[in-house]
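Taking it in order: structure first as structure tokens, then the write-up.
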Amino acid sequence: MIKEYIQSNQQRFLDELFELLRIPSVSADSKHKSDVRKAAEYVVKKLQDAGADTVELCETKGHPIVYGEKIIDAKLPTVLVYGHYDVQPADPINLWTSPPFEPVVKDGKIYARGSCDDKGQFYMHIKAFEAMTKLNQLSCNVKFMIEGEEEVGSDNLSTFVKENKSKLKADVILISDTSLISLDTPSITVGLRGLSYMEVEVTGPNRDLHSGVYGGAVANPANVLSKMIASLHDENGRVTIPGFYDKVDELTAEERKALNLAPFNLDSYKKELDIADIHGEKGYTTLERTGTRPTLDVNGIWGGYTGEGAKTVLPSKAYAKISMRLVPHQNNHEITELFTKHFQSIAPKSVKVKVTALHGGEPAVTPTDSKAFRAASKAFEEVWSKTPIPTRDGGSIPIVSLFKKELGLDTVLMGFGLDSDAIHSPNEHYGIKNFLIGIETIVTFYKYYSK
Ligand code: BES
Ligand code: MN
Ligand code: MN
């Protein structure tokens with residue numbers, strides 16, 4: 001019955017998602033503030049249409065949070081669905097083959113910013129909920145919390161969660177904002193990395209100088225910054241910040257073995273990224289490097305003249321944005337502190353260094369022995385005819401550890417994206433197949449969870 005409902009309504013489901021994708025709800029860009037609100041209002045409307053009894057647009061100091069619920073019986077269990085309607089900036093726009101906020105379908109995939117991360121994914125939950133309410137199949141209580149600041153650190157959501165504990169009372173959190181191994185090999189994410197995101201500013205002389213008149217006699221902050229950054233890794237690909245690995249949870253031999261059972265093809269990995277070789281911490285496989293090891297990466301670096309042609313200048317300042325991905329049991333505040341101290345300490349006297357923490361979050365691992373995890377696993381078995389493999393993803397959803405801490409709730413990460421969906425990149429896309437089978441799998445999750 002559910003299958004038929006999805007099939008006969010699939011065009012409308014897609015049309016509605018496209019309307020959401022047309023709203024450029026870029027949370028990082030203040031020019032899009034009213035678009036972000038527009039997306040929130042659209043989600044409110046769609047939750048109401050789908051059958052939620054109470055839907056609210058909750059104001060915060062930043063972008064609003066959409067809250068909705070349908071309580072059918074207070075004695076029944078409650079699932080709290082989390083998602084985010086904000087998206088990453090679309091730039092560089094010239095690398096998109098179609099406009100980022102004008103969704104188009106090519107080869108069965110929806111191309112648009114947010115199609116996979118996370119509009120296409122949280123929208124599956126609204127449609128699964130609609131199907132269950134319209135077919136009178138809803139068998140437990142459902143709450144929705146869809147925020148608009150995930151891509152900028154969820155600061156106001158933390159406050160909202162702390163201040164609304166009874167409103168958010170539930171038995172489990174359900175999130176679709178991660179990826180599957182592939183459409184042939186379903187998986188459930190059981191680990192996410194944490195994050196410490198820093199910005200550094202290196203200042204040399206008090207103004208840009210003629211690079212011939214002064215070059216070689218005054219420290220060039222861009223040269224200095226490059227050298228400092230290069231020193232943050234050793235020859236084995238390990239981060240050199242003292243204490244960085246102190247709290248890292250080393251996996252047991254069995255855990256490592258289990259993790260590496262997931263299919264991984266090095267050749268297609270390299271081919272897909274057009275790289276001749278991979279790179280990383282010595283002694284670990286690619287799956288271990290992204291899922292279980294902490295890392296440090298420059299996300300952006302600038303300074304001096306970057307315009308057209310050449311300008312001979314010795315810059316006064318150079319900057320970099322540097323992120324560290326963290327694993328259990330590293331603490332992002334501690335790592336931020338360690339980074340700051342270390343970065344200051346390696347600066348030569350010829351420059352001044354300023355280090356700022358932009359945002360961060362804790363890593364998370366979710367249990368595989370819970371009723372909710374088993375229900376998710378059974379849902380995949382029924383719909384995909386395959387047992388899902390537990391995986392650890394390299395990305396971060398900092399709010400997951402906060403849910404555990406503040407609400408005492410575990411999360412099930414039932415994501416339906418693919419690593420190749422180009423989230424945060426030009427030409428982000430999401431398979432229509434993923435979208436539709438995701439809805440079916442979610443409905444099936446509820447069936448087993450309520451049993
Ligand atoms: N949905 C992603 C996180 C993700 C992607 C987890 C793929 C697992 C697999 C989320 O929207 C995201 O991009 N998070 C940010 C962190 C945030 C604090 C900006 C990230 O991971 O960079
Ligand atoms: Mn996301
Ligand atoms: Mn994201």
Problem set entry | Phi-based couplings in Hz for the range 355-371 (Karplus 6.51, -1.76, 1.60; Gly and Pro marked x) | 10, 10, 8, 8, 7, x, x, 8, x, 8, 10, 10, x, 10, 10, 9, 4
Problem set entry | Globularity ratio of the range 352-415, using Cα Rg and 2.2 N^0.38 Å | 1.52
Exercise. Is the range 138-193 rounded, prolate or oblate when judged by the Cα gyration tensor, a ≥ b ≥ c being the square roots of its eigenvalues, rounded requiring a/c under 1.5 and prolate requiring a/b larger than b/c?
Worked result: oblate
Problem set entry | Average Cα contact separation per residue, the chain, under 8 Å, 6 or more apart, as relative contact order % | 25 percent
Seminar exercise, completed: Any residue on another chain or 5+ positions along whose placed amide H is under 5 Å from the amide H of Gly194 is listed here as Leu326, Val327, Ala364
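Express as a percent, rounded to the nearest 5, the fraction of DSSP beta bridges in the chain (both residues included) that run antiparallel. Write down the numbers at each step before the final one.
Details: 49 of 71 bridges.
Expressed as a percentage, antiparallel bridges in the chain total about 70.
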Exercise. Over what distance in Å are the Cα centres of the range 342-380 and the range 260-316 separated?
Worked result: 18 Å
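How high is the relative contact order of the range 208-303, given as a whole-number percent (alpha carbon pairs under 8 Å, six or more residues apart)? Kindly include the intermediate steps, with their values, before the conclusion.
Working: 34 pairs, mean separation 28.6, N = 96.
So the answer I get is 30 percent.
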Problem set entry | HN-Hα J in Hz across the range 296-308 - Karplus 6.51, -1.76, 1.60, θ = phi - 60°, x for Gly and Pro | 9, 9, 7, 9, x, 8, 7, x, x, 8, 10, x, 5
For this session: Go through Gly280, Ala262, Ala357 and say which Cα lies farthest out towards the positive end of the charge dipole of the chain; charges sit on Cβ, +1 for Lys and Arg, -1 for Asp and Glu.
Result: Ala357
Exercise. DSSP loop trypsin sites (Lys or Arg not before Pro) in the range 268-318 with at most 10 other Cβ atoms within 10 Å of their Cβ, which ones?
Worked result: Lys282
Seminar exercise, completed: Taking a crude spin-label model, label points 7 Å out from Cα along the C-beta direction, the Asp246 to Lys271 distance in nm is 4.6 nm
Exercise. Which GluC sites (Glu not before Pro) from the range 180-276 combine a DSSP loop assignment with at most 16 other Cβ atoms within 10 Å?
Worked result: Glu235, Glu250
Seminar exercise, completed: Gyration tensor on Cα atoms of the range 1-91, a ≥ b ≥ c root eigenvalues, a/c under 1.5 rounded, else prolate if a/b beats b/c, else oblate, says oblate
Exercise. Amide H neighbours of Leu418 under 5 Å, counting only residues 5+ apart in sequence or on other chains, H built in-plane at 1.01 Å?
Worked result: Leu180
Problem set entry | Per-residue HN-Hα couplings for the range 422-432 [Karplus 6.51, -1.76, 1.60; θ = phi - 60°; Hz; x = Gly/Pro] | 6, 5, 6, 10, x, 6, 4, 8, 8, x, 4
Exercise. For the range 385-451 and the range 50-95, what is the separation of their C-alpha centers, rounded to whole Å?
Worked result: 15 Å
Exercise. Computed over the Cα atoms, what is the radius of gyration of the range 176-252 divided by 2.2 N^0.38 Å, N being its residue count?
Worked result: 1.83
Exercise. Share of the chain's accessible area from carbon and sulfur, percent, 1.4 Å?
Worked result: 50 percent
Seminar exercise, completed: Site Glu255, offset 7 angstrom along Cα→Cβ, radius 12 Å on amide nitrogen, limited to the range 358-390, gives 364-366
Exercise. Which of the lysines could be linked to Lys352 by a straight reach, that is with a Cα gap under 27 Å, when you skip same-chain ones fewer than 8 residues away?
Worked result: Lys227, Lys311, Lys317, Lys321, Lys341
Seminar exercise, completed: Dividing the helical contributions, -39500 (n - 2.57) per DSSP H run of n ≥ 4, by the residues of the chain yields a 222 nm value, nearest 500 deg cm²/dmol, of -10000 deg cm²/dmol
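With the other protein chains left in place, how much accessible area per residue, in square angstrom, belongs to the chain at a 1.4 angstrom probe? Don't jump to the answer; show the numbers that get you there.
Values: 20600 Å² over 451 residues.
That works out to 46 Å² per residue.
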For this session: Sort 114-125, 326-337 for me by packing, meaning the mean count of neighbouring Cβ atoms within 10 Å per residue, highest on top.
Result: 114-125, 326-337
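On a full-extension model of 0.36 nm per residue, what is the gain between Glu163 and Thr356, subtracting their alpha-carbon distance, rounded to one decimal in nm?
Gain on extension, Glu163 to Thr356, equals 66.7 nm.
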Seminar exercise, completed: Under the rule rounded for a/c under 1.5, else prolate if a/b exceeds b/c, else oblate, using alpha carbon gyration tensor axes a ≥ b ≥ c, the range 79-208 is classed as oblate
For this session: Over the Cα atoms of the chain, compute the convex hull volume and normalise it per residue, giving Å³.
Result: 158 Å³
Exercise. In terms of Cα to Cα distance under 14 Å, which aspartates and glutamates are near enough to Lys75, apart from those fewer than 8 places away along the same chain?
Worked result: Asp171
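The values are calculated or read from the model by the stated rules, or taken from the named source; none is laboratory data. Treat the numbers as computed from the prediction; the structure is a model and nothing was measured. We place every Cβ from the backbone using ideal geometry, glycine too, and count neighbours over all the protein chains shown. Calculation scope for accessible area: heavy atoms of the full protein, side chains included, ligands and nucleic acids excluded. Shrake-Rupley method; radii C 1.70, N 1.55, O 1.52, S 1.80 Å.
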